[in-house]
Structures are given as structure tokens and as C-alpha cells.
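The values are calculated or read from the model by the stated rules, or taken from the named source; none is laboratory data. Quick caveat, the model's predicted, so the values are computed rather than measured. So basically every Cβ, Gly included, is an ideal-geometry build from the backbone, and we count neighbours across all protein chains shown. Heads up: the accessible areas ignore ligands, DNA and RNA and are worked out on the full protein's heavy atoms, side chains in. Shrake-Rupley method; radii C 1.70, N 1.55, O 1.52, S 1.80 Å.
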Amino acid sequence: MPGQRGESLLDSAVRYAEERHWDVFPGTWLEPTTGGAGAAGGERCSCRRADCPEPGAHATGPDWVGLATGSAVSARRLWTERPDASLLLPTGRGFDALEVPELAGFLALARMERLGVAPGPVTRTPGRRMLFFVLPGAAAKLDGLVRQLGWSLSSLDLVARGEGCYVAAPPTRAIGGTVQWARRPTPANRWLPDAEELISPLAYACGREAAAERARRT
């Protein structure tokens, strides 16, 4: 993504806290490995777990809630102490996140553009997922919103991250690449959309992707 290379984790953490008023906290990081069990691309997660599900991009422990801060001064101190720590944002506070497969995410963005719907910030992960930032409260009402559209949430690869969860923010590095902005935070999207504004194109795109996946298996 243009303009994303060279951004430091420290500067990004400070900017998110200062400009967007998002809480931030440092997580794990990638470290070199000399080989052996758990090696992947010459790097491994600092947690040292061979079966780590999110290498380099998860909380360091269950006490992560207490580490989160909305202070730019505190953010600068945290990443000065550990410059390579992943940059994590708690959900359920300043925003919730609607997570979908990458292909469905791009289809949804195209559909939103045609419908004149303005999305908020959107991230793209190395695991080929996209997360749409929306107003807090989306997680609690997602099932009902999807049902109103005639879908079953269990049939769609559509997940809401709300209170008690977090997301990795750019420019966090993980095995396979770097978390990037598909839609960057700008003054134009400072006011986040409600989940109700995005759910129709997201559910439609996830439904298309689910149907395509079923067709590939037959």
C-alpha cells in the first residue's frame, strides 16, 4: 500500500492514540530462528510456542487489558522499550471490527462504492482477512442484523470483534507479511459507520464467497 512502507510501530502507536483516540498496547513480536521445530521463514513468535496461531501478532498474556493505554506519552514509552512489539488495538472501546475473508472484503468495498456507502478504516492481514472498523456495539447485534437480511450467521464467514477482543494494526509484522490499511484512517472517516450501514454489502459478499467455496468443493 502506498505510503505505508517505512512507518515505525512507535510512530503509528502514538498517532493512533493522539489523532484517533484509540487505545493501544504492545503484543508479541517476531524473532529470528536458527531452525528446528516451529521455524517458519526464518522467524518465530516471541512466545516460543511451536503451535502459535498468530505468530508475532497476539497479546503477551491475559493481563493485556491492563496494558492498553490511550495516552500518546505512554504509547511512546511502551514502544521505546520494545520497538518491534506488535501494535494491538482493543475492540469494544473506540470501535468494533467486522472480519471477513479478503476476497469478500474487496467485493464488499466495490459494492459499497457503487451504493455510495462510505466505509471507515479497513485493515488487511497477512492471513488474507479484512477487518472493517465500525462503531462499538456491532458484536452484540451482528446476528440480528444478518438474520434481518435473510442470512444465517453460521453460514457466513463473518465475525465481529467487540469487548474483550483486539485487532493487530498496521504496520504490525506477522509470519507471511505485514498488516496494512486497505482503507487508511483519514479526517474523512474519523466518524465511524454503524454496522447497519455496512452489513448488507458485507453479508452479500460473504454469501457469494461461501457459495463459490461450496462450488469449488464439488
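Here are the numbers for this structure:
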quantity: Top-ranked residue in the stretch 81-95 [being over 21 Å from Glu197 (Cβ atoms) and of a type in the set (D, E, K, R); ranked as least open to solvent (accessible area, probe 1.4 Å)]; calculated: Asp84
quantity: So Leu98, is it open to solvent by 20 Å² or more (accessible area, probe 1.4 Å), in contact with a helix residue (DSSP H, G or I) (Cβ under 7 Å, 6 or more places away or on another chain) and hydrophobic (A, V, I, L, M, F, W, C); calculated: no
quantity: Near pairs, Cβ below 9 angstrom, 6+ apart or cross-chain, from the stretch 81-100 (closer than 18 Å to Pro62 by Cβ) to any residue that is of a type in the set (Ser, Thr, Tyr) and open to solvent by less than 10 Å² (accessible area, probe 1.4 Å); calculated: Ala85/Thr28; Ala85/Thr172; Ser86/Thr28; Ser86/Thr172; Leu88/Thr172; Leu89/Tyr16
quantity: Restricting the stretch 62-80 to residues that are part of a loop (DSSP other than H, G, I, E, B) and touching a residue at least 24 places away in the same chain (Cβ under 8 Å), the residue that is least open to solvent (accessible area, probe 1.4 Å); calculated: Ala68
quantity: Subset of the stretch 165-175 [of a type outside the set (Phe, Trp, Tyr) and open to solvent by less than 70 Å² (accessible area, probe 1.4 Å)]; calculated: Cys165, Val167, Ala168, Ala169, Pro170, Pro171, Thr172, Ala174, Ile175
quantity: Failed item, numbered, when Pro126 is tested on (1) within 14 Å of the chain's Cα centre (by Cα); (2) within 15 Å of Trp22 (Cβ to Cβ); calculated: (2)
quantity: Set Ala110, Ala104: member being open to solvent by 20 Å² or more (accessible area, probe 1.4 Å) and assigned to a helix (DSSP H, G or I); calculated: Ala110
quantity: Residues located in the stretch 129-164, provided they are open to solvent by less than 50 Å² (accessible area, probe 1.4 Å) and either in contact (Cβ under 8 Å) with a residue 60 or more places away in the chain or in a loop (DSSP other than H, G, I, E, B) (or both); calculated: Phe132, Val134, Gly137, Ser152, Leu156, Leu158, Ala160, Gly162
quantity: Matching residues in the stretch 178-218 - criterion: being at pLDDT below 95, farther than 23 Å from Gly150 by Cβ and either assigned to a strand (DSSP E or B) or small (Gly, Ala, Ser) (or both); calculated: Ala188
quantity: Qualifying residue in the stretch 33-48 (condition: of a type outside the set (Gly, Ala, Ser), open to solvent by 50 Å² or more (accessible area, probe 1.4 Å) and part of a helix (DSSP H, G or I)); calculated: no
quantity: Those residues of the stretch 176-199 which are at negative phi and open to solvent by 60 Å² or more (accessible area, probe 1.4 Å), in sequence order; calculated: Arg183, Arg184, Pro187, Ala188, Arg190, Trp191, Glu196, Glu197
quantity: Residue check, Val117 under 19 Å from Ala205 (Cα atoms) and either surrounded by fewer than 17 Cβ atoms within 10 Å (Cβ to Cβ) or without any contact (Cβ under 8 Å) to a residue 24 or more places away in the chain (or both); calculated: yes
